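Here the structure is laid out as structure tokens; the discussion comes afterwards.
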Amino acid sequence: MKKNIILALFFIISFDVFSQESESPNIILMIGDGMGLTQITSGMYSNNNKVALEDFQYIGLSKTHSYDNLVTDSAAAGTAMSSGKKTQNYVLGLDHMGNPLKSILSICQDKGYSTALIATSNILHATPAAFFANIDYRYNYESIADQMTKSGINYFVGGGEQYFNSRKDKRNIINEMTENGYEFVYNISDYEKNKSNYIGFFTAKGEPYYSYKGVNYSYREDEPVEDFKGRESYLARSTEATLKKLKELSKPFFIMIEGSQIDWGGHDNDQEYMVSQFLEFNETIKVVLEFAKKDKNTVVVVTADHETGGAAIVRGDLSSSTIKNRFATPNHTASMVPVFSFGPNAHLFKGIYENTEIFNKLLSIVEKWKEFLF
């Protein structure tokens, strides 16, 4: 009798615990491009010895090499994480034999998920493009833009407008996408207010600028500053707006958010640039973590495609939150990168594994969430 009562209580408690998790879990994948352990540590010591990543439940390590190169580029790394296969550098969404791969974003769409991409680069850059494009050369932006018209992504935020409406083939893909139901905006306020289920927010004609301590900088020296369509840092704010939009669609969702320019600061061996971009990414992680804690059915994974710059902290002072970096290279390195996870089934991401396992682990959550719960 006592045993039956205990079992009954267990099932009642179990039902209550999982009642909020009766639907497929949302997935938020955050990629700090070029964000190795030193980039995180530099940001932490520059931020009163605190980062949002300290609140995550599990930490793993990812091996970043591409199919035929110990030092990966963002295209091969993005493909490994989005589609589960190692491929050659510069290749997006194809395996090493040239066969097209299906990304986790596309698989989620097939299962009824809403989807979104946000990047501080142009939206056709290697990392975001790895989630919808299949092409053998990452810099063929006009072809990648053409593929985006067929992607069915609900919301995207990033630069690259010129590859949609100032093309060599004279097509205006923005007009074509508008005819198919997309609405386009060019500042964060309009993005927040727009109620469409399909929105493109272009943050720049080419590569977006970044802002640090009130000063706006351009990665693209050939793009006039007046063409920048949003003076403020938009990553955290547009992420918050996108999460709200996805929630209002009342379906599970997949979103990839990239802090693209951490990598660019590493390439420039520019400590101030690199750290400022990590801190912007850190603010965005706070937004995401707050959402996940309230939602209770969202898994968050934060990682990097690779480390950039071979950065090392050689001195600093905790009391004044100052550090000094030295760099070993202006290029990528082959160092493993950390993987932080939070939410339902976050434990799957602990350990040391190939970056292709990030896809496999996300896929297992999407396909086996009922098994994990019950």
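The values are calculated or read from the model by the stated rules, or taken from the named source; none is laboratory data. What you see is a predicted model, and the numbers here were worked out from it, not measured in a lab. Cβ coordinates were reconstructed from backbone atoms using ideal geometry, including for glycine residues, and neighbour counts include every protein chain displayed. With ligands, DNA and RNA removed, areas are computed over all heavy atoms of the protein, side chains included. Shrake-Rupley method; radii C 1.70, N 1.55, O 1.52, S 1.80 Å.
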Response to the item:
For segment 188-199, Karplus-derived ³J(HN,Hα) couplings (6.51, -1.76, 1.60; θ = phi - 60°; whole Hz; x for glycine and proline) come out as 5, 5, 5, 5, 4, 7, 5, 9, 5, 7, 9, 9
Worksheet entry | Computed over the chain: relative contact order in percent, which uses C-alpha pairs under 8 Å that are six or more apart | 30
Worksheet entry | Alpha carbon Rg of segment 78-181, scaled by the compact-globule rule 2.2 N^0.38 Å | 1.03
Discussion item. With +1 on the Cβ of every Lys and Arg and -1 on the Cβ of every Asp and Glu, and nothing else charged, how large is the dipole of the chain about its Cα centre, in debye rounded to the nearest 20?
Written reply: 1120
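Given the DSSP H assignment, sum -39500 (n - 2.57) over each helix run of at least 4 residues in the chain and divide by its residue total; what's the result at 222 nm in deg cm²/dmol, nearest 500?
Numbers: 13 runs with 136 residues, N = 374.
After summing the helix terms and dividing by residue count, I get -11000 deg cm²/dmol.
Full-extension gain between S189 and N175, please, as 0.36 nm times their residue separation minus the C-alpha to C-alpha distance. Intermediate results must be reported in sequence, preceding the final value.
On the way: separation 14, 0.36 × 14 = 5.04 nm, distance 2.18 nm.
Net length gain for the segment: 2.9 nm.
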Worksheet item: If you take the charge dipole of segment 238-336 about its Cα centre, with +1 on Lys and Arg Cβ and -1 on Asp and Glu Cβ, which of F327, T303, F253 is farthest toward its positive end?
Response: F253
Fill in: Per-residue ³J(HN,Hα) for segment 277-282, Karplus 6.51 cos²θ - 1.76 cosθ + 1.60, θ = phi - 60°, Hz, x for Gly and Pro
6, 5, 5, 5, 5, 4
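To the nearest 0.05, what FRET efficiency results for K168 and K102 with a Förster distance of 30 Å applied to their C-beta separation?
For R0 = 30 Å, the calculated efficiency reads 0.55.
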Item to complete: Quick one: among E183, E207, E23, which has the greatest mean-square fluctuation in a GNM of the chain with alpha-carbon springs under 10 angstrom?
Response: E23
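Using only the Cα atoms of the chain, what semi-axes does the equivalent ellipsoid have when each is the square root of 5 times a gyration tensor eigenvalue? Give whole Å, largest first.
Values: eigenvalues 199, 136, 89 Å².
Taking √(5λ) for each Cα gyration eigenvalue gives 32, 26, 21 Å.
About its Cα centre, what dipole magnitude does segment 115-187 give when the only charges are +1 on Lys and Arg Cβ and -1 on Asp and Glu Cβ, stated in debye to the nearest 20? Walk me through the intermediate numbers first.
Details: 6 positive and 8 negative charges, 29 e Å.
Dipole about the Cα centre, nearest 20: 140 debye.
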Response to the item:
Between L70 and R326, the FRET efficiency computed from the C-beta separation at R0 = 22 Å comes out, to the nearest 0.05, as 0.50
Worksheet item: How large is ³J(HN,Hα), in whole Hz, for each residue of segment 26-43 in order, when computed from phi with the Karplus curve 6.51 cos²θ - 1.76 cosθ + 1.60 and θ = phi - 60°, using x for Gly and Pro?
Response: 6, 10, 10, 10, 10, 10, x, 4, x, 8, x, 5, 5, 4, 5, 5, 4, x
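Taking a ≥ b ≥ c as the square roots of the Cα gyration tensor eigenvalues, with a/c under 1.5 meaning rounded and otherwise prolate when a/b beats b/c, else oblate, which class fits segment 266-356? Provide the component values of the computation, followed by the final result.
Values: a/c = 2.49, a/b = 1.53, b/c = 1.63.
Note, shape of segment 266-356 comes out oblate.
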Worksheet item: What lysines could a cross-link reach from K170, if we take a straight Cα to Cα line under 26 Å and drop same-chain neighbours fewer than 8 places away?
Response: K150, K205, K229
Worksheet entry | Mean accessible surface per residue for segment 72-112, computed with a 1.4 Å probe while every protein chain stays in place, in Å² | 34
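If you roll a 1.4 Å probe over the chain with all protein chains in place, what percent of the accessible area is carbon or sulfur?
Numbers: 8260 of 16130 Å².
That share works out to 51 percent.
Sort 283-289, 171-177, 311-317 for me by packing, meaning the mean count of neighbouring Cβ atoms within 10 Å per residue, highest on top. Could the numbers behind the result be given before it?
Numbers: 283-289: 21.4, 171-177: 15.7, 311-317: 14.0.
Sorting 283-289, 171-177, 311-317 by mean packing, highest first, produces 283-289, 171-177, 311-317.
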Worksheet entry | Other-chain or far-sequence residues with amide H under 5 Å of E183's (modelled H) | Y198, I199, G200
